[in-house]
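First comes the structure, then the notes that go with it.
The values are calculated or read from the model by the stated rules, or taken from the named source; none is laboratory data. All figures in this text were calculated on a predicted structure; none of them were measured in a lab. Counting neighbours? That spans all protein chains shown, and the Cβs are built from the backbone with ideal geometry, glycine included.
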Ligand code: NZQ
Ligand code: ZN
């Protein structure tokens, strides 16, 4: 039975090849000073930076340059961004990039008028933004597909000193006010990043699918999303500029983590907790950290949620059931997922991401245990899964 919930999603999306033009409609709603957030330079190479700056200038905006956001943005970078926003009196934070830029923009937006250290308040104590605290509005121009950050309130920040990578789910007030999604802007992504994003999408869905035993509309929606992703990813990996495939994937990514499919059901999120611990130690690409731990994790918990794993095999991977036990069907589903992951060229091994044996104890401690999935893991379980992922 669906649990009770309240659903709203305040982000306005502009989707398609001409979507950047709609920045002209959004900008007049905000004040003069725009903090332009971007990464390590991809948008300067592919021309998106010039296009955005031209629109900002045409709308008489003052630009506060805030480039160099690294993948897996750090707490030090967050402090720098807050300083820039305060000095420049930012009225809008415009993130042009992937999940790292969108997350960073949201983290800055809630920290500018925060009187405490934002890392302590939001990431160590998991406190909400105080009701009276002003939040600088955020807009996104998405160039990398995967995280869903363009339409949710999440912001993940990494603290290398304390070896912690933590996500805070902020409320409605922190969702981007608008997001611009042009699938063609993702064509310049290197294959490594592209497929890491594809896996991130699938894993966002499985994190929400592998939980609960009741009949939930959300599970049917997720099966459709997964089928679409698998189909389009097979096309995109061979033909990255296939607009139809890339646009379907972009839209799937948004729905995978814009909060809709989680409504009324429990969710798991343990693969992300394992992946975030790995990210804190290695700074590896987010989607690859998930790919490396997923199969050992799912094979470990399969006996505790067998019926759902069987359903996954049948409804997502079209595994035939005749003459097979439930375990065999469920296992073949995960085998099919493994074959697809190899087809994409994902890194499915922690050693290749820089994990060494001496990190194991630290990784176990850095892995936050979630309780919504089929099995609440013990520290021994976590260690076993990490070792199997090496
Ligand atoms: O920095 P630049 O030069 O722009 O290069 C980026 C970066 O190196 C590059 N890139 C992006 N768009 C490109 C491009 N290169 C060429 N052409 C383009 N069009 O791709 C690299 C990765 O970008 P990044 O933004 O780091 O990737 P992603 O979107 O996967 O974001 C990862 C971050 O999001 C967090 C992750 O933990 C990680 O910190 N997540 C956020 C979530 C959320 N807000 O809900 C949920 C996710 O599970 C995830 O945890
Ligand atoms: Zn993710």
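A few notes on this one:
- Among residues of segment 282-296, those that are within 14 Å of ligand 2 (Cβ to nearest atom) and within 16 Å of residue 209 (Cβ to Cβ), counted: 2
- Residue count for segment 32-59 satisfying the condition of being over 19 Å from residue 19 (Cα atoms), touching a strand residue (DSSP E or B) at 6+ places or on another chain (Cβ under 7 Å) and not in a strand (DSSP E or B): 2.
- For segment 97-113, the criterion of being outside any helix (DSSP H, G or I) and surrounded by fewer than 16 Cβ atoms within 10 Å (Cβ to Cβ) is met by none of the residues.
- Taking helices (runs of 4 or more DSSP H) as the structural unit, those lying wholly within segment 296-374 and holding at least 3 residues that are in contact (Cβ under 8 Å) with a residue 60 or more places away in the chain, within 24 Å of residue 162 (Cβ to Cβ) and in the same structural domain as residue 205 (by TED's automatic domain parsing) correspond to 360-366.
- Residue 135 falls short on exactly one of the conditions (1) more than 16 Å from ligand 2 (Cβ to nearest atom); (2) within 25 Å of residue 51 (Cβ to Cβ); (3) assigned to a loop (DSSP other than H, G, I, E, B), and that condition is (2).
- Positions within segment 369-383 being closer than 30 Å to residue 3 by Cβ and surrounded by 15 or more Cβ atoms within 10 Å (Cβ to Cβ), in sequence order: 370, 372, 373, 374, 375, 377, 381, 382
- Identity of the residue in segment 49-76, in contact with a helix residue (DSSP H, G or I) (Cβ under 7 Å, 6 or more places away or on another chain) and under 18 Å from residue 159 (Cβ atoms), that ends up surrounded by the fewest Cβ atoms within 10 Å (Cβ to Cβ): 70
- The listed residues are 201, 180, and the only one of them that is at pLDDT 95 or above, within 16 Å of ligand 2 (Cβ to nearest atom) and buried (at least 24 other Cβ atoms within 10 Å of the Cβ) turns out to be 201.
- Screening 179, 162 for residues that are assigned by TED's automatic domain parsing to the domain that holds residue 98 and out of contact with any helix residue (DSSP H, G or I) (no Cβ under 7 Å at 6 or more places or on another chain) leaves exactly one candidate, 162.
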